[in-house]
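Report on one structure; see the data block that follows.
Please treat every number below as a calculation from the coordinates, not as lab data. In this text, all values refer to a predicted model and were calculated from it rather than measured experimentally. For neighbour counting, all protein chains shown are included, and Cβ atoms are generated from backbone atoms with ideal geometry for every residue, glycine included.
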Amino acid sequence: MRSAKPLLVPVQMRTRAAYLTSSSQRNTYLGGYVGIMLVMAVYNLFIFLSIRDRSYMFYVLYILSVLAAQLAFVGIAPVVVAPSLTFLASKASILLTTVTAICASEFLRHFLHTTNGCQVSPGRPVGSTRPLGSDWRSTWPGRASRVTR
């Protein structure tokens with residue numbers, strides 16, 4: 001056997017009936033998970049269409065990307081989506097994990113309104129932010145609570 005990733009091959013000896021029982025139970029749990037995730041995506045899509053808040057759109061994309069990544073980890077997504085594309089099948093978990101991280105960061109950026117409420121403060125270290133309209137000198141450690149000009 002060859003693989004581009006570490007390969008874990010669990011070897012189990014089962015009777016046909018025991019294998020069918022465990023496979024059926026696994027598929028039932030997996031189907032329940034997929035169903036719950038799809039219901040969450042449809043519900044939040046409905047909220048997005050009702051109130052037009054873009055954060056809900058990114059949340060729907062995040063839910064769907066988490067679902068796709070989980071199905072890729074289990075080994076179902078590459079087989080169902082593109083069984084003939086072996087390159088995509090071997091890289092699906094990495095690709096979908098990256099897509100999930102991007103969707104999560106976009107959802108958080110829109111949900112928390114970080115682009116609207118903060119700006120870089122002059123004189124403070126890079127990465128430091130302050131609410132719009134506040135004076136950084138009044139909140140800097142060791143400074144008076146009110147700065148006079």
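Which of the three applies to segment 1-58, rounded, prolate or oblate, going by the alpha-carbon gyration tensor with a ≥ b ≥ c and a/c under 1.5 meaning rounded?
Numbers: a/c = 7.70, a/b = 2.08, b/c = 3.71.
Since a/c reaches 1.5 but b/c is at least a/b, the shape of segment 1-58 is classed as oblate.
If you find the alpha carbon centre of segment 50-70 and of segment 75-114, how far apart are they in angstrom?
Between the Cα centres of segment 50-70 and segment 75-114 lies a distance of 12 Å.
Among 16, 2, rank each residue by its count of other Cβ atoms within 10 Å, from fewest to most, as a rough exposure measure. It would help to have the intermediate numbers written out before the result.
Values: 16 7, 2 4.
So the ranking, lowest neighbour count to highest, is 2, 16.
Can you classify segment 21-113 as rounded, prolate or oblate using the Cα gyration tensor, where a ≥ b ≥ c are the square roots of its eigenvalues, rounded means a/c under 1.5, and otherwise it's prolate if a/b beats b/c and oblate if not? Can you show the working numbers first?
Values: a/c = 2.73, a/b = 1.52, b/c = 1.80.
Taking the square roots of the gyration eigenvalues as a ≥ b ≥ c, segment 21-113 is oblate.
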